[in-house]
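**Student:** The structure is given below, and queries will be raised subsequently.
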Amino acid sequence: MSNILIQLLLIGLAAGVAGGMFGIGGGAIMVPAMVLLIGLDQKFATGTSIAAQILPIGILAAIVYYRNGNLNIKYAVIIAVGLIIGNFFGALFANQPYISSAMMKKLYGIFLLLIGLRYLLVR
């Protein structure tokens, strides 16, 4: 197996573990790993992350959470509707000719920094 395939598999594995533990993966794990470790363009990494998540990747983890009483299906469906609409408009925005990959990297870094600070500083 080629080096890039092994790296992609490890990125998927790390994102899967993080997704199962924290409900994150695509934006917080896969995109930065593809950009920083493999050297993919920011927009290309984002598109690849979204495509990797099209299939019901979380179904097995969702079953575990459901069986343990830690899943609200109604809330999940409502969030999924928002995700569908939000992903569409986010993709439209990110793919405008005036939005460069460099700008996307900066916006993404600000987003992660603000979320990290919120987790660290707010109780």
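**Student:** Considering only the range 2-11, state which residues are surrounded by 14 or more Cβ atoms within 10 Å (Cβ to Cβ) and either modelled with pLDDT of 90 or more or in contact with a helix residue (DSSP H, G or I) (Cβ under 7 Å, 6 or more places away or on another chain) (or both).
**Tutor:** Within the range 2-11, Gln7, Ile11 meet the criteria.
Matching residues to (1) part of a loop (DSSP other than H, G, I, E, B); (2) more than 27 Å from Asn3 (Cα to Cα); (3) touching a strand residue (DSSP E or B) at 6+ places or on another chain (Cβ under 7 Å):
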position: Ala33; (1), (2), (3): no, no, no
position: Gly47; (1), (2), (3): no, no, no
position: Ile50; (1), (2), (3): no, no, no
position: Leu55; (1), (2), (3): yes, no, no
position: Ala62; (1), (2), (3): no, yes, no
position: Tyr65; (1), (2), (3): no, yes, no
position: Gly69; (1), (2), (3): yes, yes, no
position: Ile78; (1), (2), (3): no, yes, no
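**Student:** Here's a follow-up. Given Ile110, Ile84, Ile115, which one is out of contact with any Pro (no Cβ under 7 Å at 6 or more places or on another chain), surrounded by 11 or more Cβ atoms within 10 Å (Cβ to Cβ) and of a type in the set (Val, Ile, Thr)?
**Tutor:** Exactly one of Ile110, Ile84, Ile115 is out of contact with any Pro (no Cβ under 7 Å at 6 or more places or on another chain), surrounded by 11 or more Cβ atoms within 10 Å (Cβ to Cβ) and of a type in the set (Val, Ile, Thr), namely Ile115.
**Student:** While we're here: Which pairs do you get when a residue that is free of Cβ contacts under 8 Å to residues at least 24 places away in the same chain, found in the range 69-89, comes within reach of a residue that is assigned to a helix (DSSP H, G or I), reach meaning Cβ atoms under 8 angstrom, with the pair 6+ apart or on two chains?
**Tutor:** Leu71/Ala62; Leu71/Tyr65; Ile73/Tyr66; Ala76/Ala62
The values are calculated or read from the model by the stated rules, or taken from the named source; none is laboratory data. What you see is a predicted model, and the numbers here were worked out from it, not measured in a lab. Here the Cβ is made from the backbone with ideal geometry for all residues, glycine too, and neighbour counts use every protein chain on show.
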